[in-house]
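The values are calculated or read from the model by the stated rules, or taken from the named source; none is laboratory data. Quick caveat: nothing in here was measured; it's all calculated off a predicted structure. A quick note on method: Cβ atoms are made from the backbone with ideal geometry, for glycine too, and the neighbour counts reach across all protein chains shown.
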Amino acid sequence: MCGIVAYTGTTEAIEILLAGLRRLEYRGYDSAGIALQRPADRADTPNTPSTPSTSSVADTATPASTLAAEPLQVVRRKGLTELVTEADGSTRNKGMIEQLTEAVAALADTDPLRGTCGIGHTRWATHGIPSEDNAHPHRDCSGRIAVVHNGIIENYAKLRQQLTAKGHHFASQTDSEVIAHLIEEQCAGNGGNLREAVRTSVAQLSGNFALAIISADEPGTIVVTRNDMPLVLGSFEGGAIAASDNAAIIEYTRDLIFIDDRCLAVLHETGAIEYYDPAGEPYIPSGYHFDGSIEDAQKGGYPDFFLKEIHEQPRVIRDVIANRFDLKTKTLVFDELPLTDADLAVIDRLYIVACGTSYHAGLIGKYLIENWARIPVEVEVASEFRYRNPIVTPNTLVLAISQSGETTDTLEAVRLARRAGAHVVAITNRVGSLITQEANTVFYLHAQLEVSVAATKSFLAQVALITLFGMFLAQERSLLTGPQIAEIYGEMKQLPDQIEHILANTSAIKTAATACKDATTALFIGRGVGATTCYEGALKLKEISYLHAEAYAGGEIKHGPIALIDPLGLNDPSAQTPVVAVVTQSTTRDKMISNIEEMKSRGAQIIAVATEGDRRIAELADFVLYIPPTRECLSPITASVPLQLLARYIAEMRGTNIDQPRNLAKSVTVE
Ligand code: AGP
C-alpha cells in the first residue's frame with residue numbers, strides 16, 4: 001500500500017531517493033517523505049540529544065537554525081493539496097513528489113539536503129489521516145532514528161501504550177511510529193547496536209511490514225527487514241539500494257535480491273550487504289536477474305499510463321497466447337502445472353478467488369471453464385471467501401487471480417485454500433510477488449509493469465490466460481478435441497489485430513463520451529460474458545471518472561434498475577440516463593435487443609457495443625461502438641477495449657486524475 005526506498009553509497013542520496021519515489025508513487029500518493037543522514041554527523045557530536053519537530057522540518061515556517069539542529073534531515077509533504085494552473089488555463093493537482101522536490105529545493109540555501117545515506121516513503125494512509133505529521137519517515141524521541149514502513153502493525157495500540165508509559169512521545173497517529181520508538185528502546189538496552197535493536201523490535205511486531213531504518217549514530221548504514229510485504233534489494237558500484245518494487249531499483253542493478261520473512265539485511269555504503277535470519281545468524285537470501293525494460297515504467301509519449309497501457313494490449317495478448325499451443329501435437333501446453341492426468345481427473349470443483357478487476361476476469365473464467373471443461377466453478381470475492389467456511393478439499397483446484405500478487409485478501413484466501421489441501425494456481429503479473437511464494441503453481445501474465453492504478457492490460461491478459469486454461473482443462477478431460485482447440489486458438493491469434501483496429505477508430509467512442517460526460521449515473525447491461533464485460537466497464541468508469549455506474553445482466557433490468565431511467569429523457573436529451581449495452585453477436589443478442597428497447601422507450605440514451613455489420617443496433621442506439629466479429633467466448637477481450645476508452649475519454653473531459661484516482665492504490669495490502 002505504501003512504497004519504501006533506501007540508498008547508501010558514494011553519491012548524493014537525494015536524487016536517487018526522489019527518483020525511486022517517482023517510480024513508487026503508484027503505491028500510494030497521500031504523502032511522501034525522505035530522511036537523510038547529515039554528512040556532518042560523522043565528524044560532529046553524534047550523541048548530542050535533540051528533539052525532533054512534530055511537523056515537517058521543511059515547513060517554510062520552521063526557522064533554518066532549528067533545521068540545522070536536527071540530527072537527521074527530514075522532509076515530508078502531503079499530496080494533492082496544491083492546484084496548478086497550466087499555460088492553457090487548465091488546472092491540475094500538483095503531484096506529491098513534485099511538491100516534495102520543491103520542498104527540497106527550497107532548502108538549498110538554508111539547510112541543503114546533502115548526504116549519501118537515506119530513506120524515502122510514499123504513503124497510502126491506513127492509520128491516521130493523510131497529513132504531514134502522519135507522513136513517513138517517523139522518528140524516535142531523540143530524532144536520531146528514522147523509519148519508513150509499508151504494511152500494518154496490528155499490535156501498535158498496545159505497543160504505543162507501553163512505550164508512552166515509559167516516557168516516549170508520539171508525534172503522529174500512525175501505527176508505524178511505534179517502530180521508531182521500539183528501536184530506540186532496544187538500542188538503549190543493547191549499547192546502541194541498530195541491527196540487533198531492529199531484530200529484537202521486529203520480534204515484537206504483529207502484522208505485516210517492509211521497513212528501512214537509519215540512525216544518525218551509524219553513518220552509511222541502513223537496516224531493512226520485511227514480513228509479508230515486498231522488498232527487493234541490490235548492490236552496485238555506487239552503493240546498495242532497497243525498495244518495495246523492482247521499478248525503483250533496476251536503473252542501478254538488475255541482479256535483485258529477496259529476503260525471507262523477518263530476515264534482516266544491513267546495507268553499507270561500500271555496496272556490501274549483510275544478511276541475517278530472525279535469530280540473528282548469517283543467512284543466504286535468494287536472487288533473481290530482471291530482464292525487463294526501464295521504459296516499461298515510462299509513459300512512452302501517451303498523456304497517461306492508462307492510455308499507454310490500453311495501447312499495449314495487442315502486444316500483451318500476443319505474448320499471453322504465444323507458445324501455448326503445440327502445433328505438432330495440437331495440444332495446449334501449461335508446463336508450469338505440475339498436476340498429472342490422474343490429479344486433474346479427480347478435480348471436482350474449482351474456486352476462483354480475486355478482488356476488483358481480477359474478480360471480473362474470474363467471472364469470465366467461470367463461463368468458459370464450465371462451458372468447456374464441465375467442472376463446477378465458483379467465483380468469489382477473496383474478502384468473503386477468507387471469512388467463511390468454503391467447501392475446499394484436496395480435490396479442489398483454486399485459481400487466485402491478482403495482478404499485483406500483493407492483495408491481502410487474495411493472499412489470505414490462498415492460505416486458507418492451501419491449509420485445506422487444495423492445489424492453488426496463482427495468476428499474477430508480478431514476478432517474485434508474495435502470491436508467487438504462497439501458491440503451488442504460478443502462471444505469469446507477462447503484461448509488464450502496469451503503472452495506472454486502474455487495471456487495463458493486466459485484465460485483458462488475465463482473461464486471455466484463463467480462456468486458454470479453460471480450454472486446457474477441457475483438453476485434459478477430453479471434452480475439446482485438438483482441431484476444436486486449434487480453431488479457437490487460431491481466432492485468439494487474431495485478437496491483437498482486432499484490438500489495434502478498435503484503437504485506430506475511436507471517433508465514435510469520443511462522441512459518445514462527449515454526450516454522456518455530464519451524466520450523474522450510467523447503467524451497463526449485457527448477458528452472458530457480455531454481462532461480466534459490463535461489470536468491468538462500469539468499474540473502469542467509476543474508478544477513473546467518478547461517474548456513478550452500475551452493471552447488470554440485461555434480464556435483471558426490469559427487476560429494479562429500470563426505475564433509474566428518467567422519463568424526462570424522452571423529450572429532453574440532457575435528462576437521458578446513459579445505458580451502455582454490450583450487444584455483440586451471441587446466443588442472447590435478440591434478448592439484449594428487447595432490453596435495449598425497454599430502456600430506450602423510457603428515455604435512456606443507448607451506447608451500444610456491437611459487432612461490425614449489425615445494422616439493427618444502429619437503428620436502436622444513439623451511439624454504436626463497433627468491434628470486429630469474434631466468437632462469443634472471446635468477445636470480452638475485444639468488447640472491453642471500447643469500454644476502457646469510453647471511461648478514459650469521460651475521465652479526461654471531467655478533469656480527473658486518470659492514473660491515480662482518488663482514494664485508490666495499485667496494491668491493496670490492507671483488508
Ligand atoms: C483495478 O482497476 C482496481 N484498481 C482494483 O479493483 C484491482 O483490480 C483489485 O484491487 C485487485 O488487485 P490485484 O489484481 O492486484 O489483486
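Quick check on TYR535: is it surrounded by fewer than 22 Cβ atoms within 10 Å (Cβ to Cβ), outside the structural domain of GLY362 (by TED's automatic domain parsing), closer than 21 Å to GLU598 by Cα and within 16 Å of the ligand (Cβ to nearest atom)? Spelling it out, TYR535 is indeed surrounded by fewer than 22 Cβ atoms within 10 Å (Cβ to Cβ), outside the structural domain of GLY362 (by TED's automatic domain parsing), closer than 21 Å to GLU598 by Cα and within 16 Å of the ligand (Cβ to nearest atom).
When THR506 is tested against (1) farther than 21 Å from SER586 by Cα; (2) more than 16 Å from the ligand (Cβ to nearest atom); (3) in contact with a strand residue (DSSP E or B) (Cβ under 7 Å, 6 or more places away or on another chain), exactly one condition is not met: (3). If the condition is being touching a His at 6+ places or on another chain (Cβ under 7 Å) and closer than 21 Å to ILE565 by Cα, then segment 523-538 contributes only TYR535. Hey, does segment 556-574 have a residue that's closer than 23 Å to ARG662 by Cα, assigned to a helix (DSSP H, G or I) and out of contact with any Phe, Trp or Tyr (no Cβ under 7 Å at 6 or more places or on another chain)? No, segment 556-574 contains no residue that is closer than 23 Å to ARG662 by Cα, assigned to a helix (DSSP H, G or I) and out of contact with any Phe, Trp or Tyr (no Cβ under 7 Å at 6 or more places or on another chain).
Could you please find all residues in segment 354-399 being within 16 Å of the ligand (Cβ to nearest atom), crowded, with 22+ Cβ neighbours inside 10 Å and more than 20 Å from LEU460 (Cβ to Cβ)? Once the filter is applied, which keeps residues that are within 16 Å of the ligand (Cβ to nearest atom), crowded, with 22+ Cβ neighbours inside 10 Å and more than 20 Å from LEU460 (Cβ to Cβ), segment 354-399 yields ALA382, PHE385, VAL398. Residues in segment 436-476 that are under 29 Å from ASP304 (Cα atoms) and in contact with a Pro (Cβ under 8 Å, 6 or more places away or on another chain): VAL453, ALA454, VAL463.
The listed residues are GLN494, GLN437, GLN484, and the only one of them that is closer than 30 Å to THR393 by Cβ and either modelled with pLDDT under 95 or surrounded by fewer than 21 Cβ atoms within 10 Å (Cβ to Cβ) (or both) turns out to be GLN437. Taken over segment 532-578, the residue count meeting the criterion of being modelled with pLDDT under 95 and on the phi > 0 side of the Ramachandran plot is 1.
Listed here are the helices (runs of 4 or more DSSP H) enclosed by segment 297-378 that have at least 2 residues being among the aromatic types (Phe, Trp, Tyr): 305-311, 356-373. Taken over segment 599-648, the residue count meeting the criterion of being part of a helix (DSSP H, G or I) and within 33 Å of the chain's Cα centre (by Cα) is 17. Please determine whether any residue of segment 400-420 is free of Cβ contacts under 8 Å to residues at least 60 places away in the same chain, within 13 Å of the ligand (Cβ to nearest atom) and either farther than 24 Å from ILE153 by Cα or touching a Gly at 6+ places or on another chain (Cβ under 6 Å) (or both). So far as segment 400-420 goes, yes, one or more of its residues are free of Cβ contacts under 8 Å to residues at least 60 places away in the same chain, within 13 Å of the ligand (Cβ to nearest atom) and either farther than 24 Å from ILE153 by Cα or touching a Gly at 6+ places or on another chain (Cβ under 6 Å) (or both). Kindly evaluate ALA647 against the criterion of being more than 26 Å from SER383 (Cα to Cα), within 11 Å of the ligand (Cβ to nearest atom) and buried (at least 23 other Cβ atoms within 10 Å of the Cβ). Considered against the rule, which asks whether it is more than 26 Å from SER383 (Cα to Cα), within 11 Å of the ligand (Cβ to nearest atom) and buried (at least 23 other Cβ atoms within 10 Å of the Cβ), ALA647 comes out as yes. Number of residues in segment 410-421 that are buried (at least 23 other Cβ atoms within 10 Å of the Cβ) and either assigned to a strand (DSSP E or B) or out of contact with any Leu (no Cβ under 7 Å at 6 or more places or on another chain) (or both): the value is 4. A single member of VAL451, VAL529, VAL431 is among the β-branched types (Val, Ile, Thr) and farther than 30 Å from ARG27 by Cβ, and it is VAL529. When the criteria are applied in full, ILE435 meets the requirement of being of a type in the set (A, V, I, L, M) and near the ligand (Cβ under 9 Å from one of its atoms). Of everything in segment 233-246 that is touching a helix residue (DSSP H, G or I) at 6+ places or on another chain (Cβ under 8 Å) and at pLDDT 95 or above, the residue that is surrounded by the fewest Cβ atoms within 10 Å (Cβ to Cβ) is ILE241.
Residue-by-condition table, conditions (1) modelled with pLDDT of 90 or more; (2) touching an Asp or Glu at 6+ places or on another chain (Cβ under 9 Å):
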residue	(1), (2)
GLY33	yes, yes
ARG42	no, no
SER56	no, yes
LYS78	no, yes
ALA87	no, no
SER90	no, no
GLU98	no, yes
ASP111	no, yes
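For segment 185-194, a residue qualifies if it is in contact (Cβ under 8 Å) with a residue 24 or more places away in the chain and either within 25 Å of LEU411 (Cβ to Cβ) or surrounded by 21 or more Cβ atoms within 10 Å (Cβ to Cβ) (or both), and the qualifying residues are CYS187, LEU194. Which members of segment 439-471 meet the condition of being over 25 Å from ILE637 (Cβ atoms) and either within 13 Å of the ligand (Cβ to nearest atom) or outside the structural domain of ARG318 (by TED's automatic domain parsing) (or both)? None; the set is empty. Among all residues of segment 383-390, there is none that is touching a residue at least 40 places away in the same chain (Cβ under 8 Å) and touching a strand residue (DSSP E or B) at 6+ places or on another chain (Cβ under 6 Å). Within segment 489-516, residues that are of a type in the set (Ser, Thr, Tyr) sit with their Cβ atoms under 8 Å from residues that are assigned to a loop (DSSP other than H, G, I, E, B) and at pLDDT below 95, at 6+ positions apart or across chains, in these pairs: TYR489/ARG324.
Applying the set (1) more than 9 Å from the ligand (Cβ to nearest atom); (2) closer than 25 Å to GLU312 by Cα to ASN429 leaves exactly one unmet item: (1). When you check GLY234 against the structure, is it assigned to a strand (DSSP E or B) and either within 28 Å of ALA203 (Cβ to Cβ) or not hydroxyl-bearing (Ser, Thr, Tyr) (or both), yes or no? For GLY234, the condition - assigned to a strand (DSSP E or B) and either within 28 Å of ALA203 (Cβ to Cβ) or not hydroxyl-bearing (Ser, Thr, Tyr) (or both) - is met.
Of all residues in segment 121-180, those being free of Cβ contacts under 8 Å to residues at least 40 places away in the same chain, within 26 Å of ALA248 (Cα to Cα) and part of a loop (DSSP other than H, G, I, E, B) number 0. Checking each residue in segment 199-218 for being in contact with a Lys or Arg (Cβ under 7 Å, 6 or more places away or on another chain) and closer than 11 Å to ARG144 by Cβ picks out SER215, ALA216, ASP217.
Scanning segment 195-206 for residues that are in contact (Cβ under 8 Å) with a residue 40 or more places away in the chain, buried (at least 21 other Cβ atoms within 10 Å of the Cβ) and in a helix (DSSP H, G or I) yields VAL198, ARG199, VAL202.
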